[in-house]
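Below is one structure, written out as structure tokens; the observations come after it.
The values are calculated or read from the model by the stated rules, or taken from the named source; none is laboratory data. Since the model is a prediction, treat every value here as computed from it, not as a measurement. Heads up, the Cβs are rebuilt from the backbone with ideal geometry, glycines too, and the neighbour counts pull from every protein chain shown. Remember, those area values only see protein heavy atoms, side chains included, never the ligands or the DNA or RNA. Shrake-Rupley method; radii C 1.70, N 1.55, O 1.52, S 1.80 Å.
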Amino acid sequence: MNIIELRGIVKRYFVGKPNELEVLHGVDLSVGEGEFISIVGESGSGKSTMMNIIGLLDRPTEGSYSLSGENVLVQPDSELSILRGRKVGFVFQTFNLIGRMSAQKNIEVPMLYNHVPAKERARRAEHLLEIVGMNDRAKHQPNELSGGQKQRVAIARAMANDPDVILADEPTGALDTETGLLVMNIFLDLHKNFGKTIVLITHNQTLAAQTQRIITLKDGNIVSVRAGGNPIPGPQDLLEAAV
């Protein structure tokens, strides 16, 4: 089963105006259940626009989008917001954790919006912290955590509602190379041992090479699809992995 089905996706901005701009030019993309893919490309290639559409943060100008077998584009914005909270988990370069709130409470926030009872929120947050190796930092606030620790909490938060898809937008971009590889190991573990479907948006070819498929965007078009699956680099490769 394909979790994501994009067909003929076109995205234009300033439609009908002299400065109308077409960013995506009829993109087709299928992502299977439990697949780990990466989308790569230079700045301005359309990566972020595609991520916003996949993550139900934006609508395409033309085309169709099926998420978990559901035609999501026929839904009103209010329903899209609900679907986004249930079906998509986000991990961003800037972590986006809430200050003055503990790691555990940050993870509980998405469940709160999904009306999960308090005891179940706490239980699941504790379990997710354990998965990402942060159970000993459950009561720490973001300003008490390193960048890598913040990102691990953010990954746990993305898993809070057991989403169908995890979207990771440059998740290692604010981290040093070694920490970034440790974070990538967590994504690989979520894919291998928990069967998660993951879409990684990155400019880092070393990280992209570890995913199952590498989708390259250029000027709003998919120009290549190639196999990945290379192993995590060892310590001797850390310098080469730096971008």
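Points worth noting:
- Exactly one residue out of Met101, Met134, Met111 is touching a residue at least 40 places away in the same chain (Cβ under 8 Å) and in contact with a helix residue (DSSP H, G or I) (Cβ under 6 Å, 6 or more places away or on another chain): that is Met111.
- Single residue of Arg100, Arg123 found to be charged (D, E, K, R), surrounded by fewer than 16 Cβ atoms within 10 Å (Cβ to Cβ), assigned to a loop (DSSP other than H, G, I, E, B) and out of contact with any Leu (no Cβ under 6 Å at 6 or more places or on another chain): Arg100
- Near pairs, Cβ below 9 angstrom, 6+ apart or cross-chain, from region 215-243 (over 22 Å from Thr49 (Cβ atoms) and assigned to a loop (DSSP other than H, G, I, E, B)) to any residue that is of a type in the set (A, V, I, L, M, F, W, C) and modelled with pLDDT under 50: Pro233/Ala241
- Of residues in region 150-163 being in contact (Cβ under 8 Å) with a residue 40 or more places away in the chain and outside any loop (DSSP other than H, G, I, E, B), the one most open to solvent (accessible area, probe 1.4 Å): Lys150
Here's the yes/no breakdown for (1) more than 14 Å from Leu167 (Cα to Cα); (2) touching a Gly at 6+ places or on another chain (Cβ under 7 Å); (3) at pLDDT 95 or above:
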{"residue": "Val23", "(1), (2), (3)": "yes, yes, yes"}
{"residue": "Glu42", "(1), (2), (3)": "yes, no, no"}
{"residue": "Gly55", "(1), (2), (3)": "no, no, yes"}
{"residue": "Thr61", "(1), (2), (3)": "yes, no, yes"}
{"residue": "Glu70", "(1), (2), (3)": "yes, no, no"}
{"residue": "Leu83", "(1), (2), (3)": "yes, no, no"}
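- Residues that are in a loop (DSSP other than H, G, I, E, B) and more than 12 Å from Glu5 (Cα to Cα), drawn from region 47-91: Gly55, Leu56, Leu57, Asp58, Arg59, Pro60, Thr61, Gln75, Pro76
- Residue match in region 14-37 (condition: under 25 Å from Ile155 (Cβ atoms), open to solvent by less than 30 Å² (accessible area, probe 1.4 Å) and aromatic (Phe, Trp, Tyr)): yes
- The condition (being touching a Lys or Arg at 6+ places or on another chain (Cβ under 6 Å) and part of a helix (DSSP H, G or I)) is satisfied by just one residue among Met111, Met184: Met111.
- Among the residues listed as Asn143, Asn135, Asn193, Asn114, the single one being open to solvent by 30 Å² or more (accessible area, probe 1.4 Å), touching a Gly at 6+ places or on another chain (Cβ under 7 Å) and modelled with pLDDT under 95: Asn114
- Within region 64-85, residues that are open to solvent by 40 Å² or more (accessible area, probe 1.4 Å) have Cβ atoms under 6 Å from residues that are part of a strand (DSSP E or B) in these pairs: Ser64/Arg7; Leu73/Tyr65, counting only partners at least 6 apart in sequence or on another chain.
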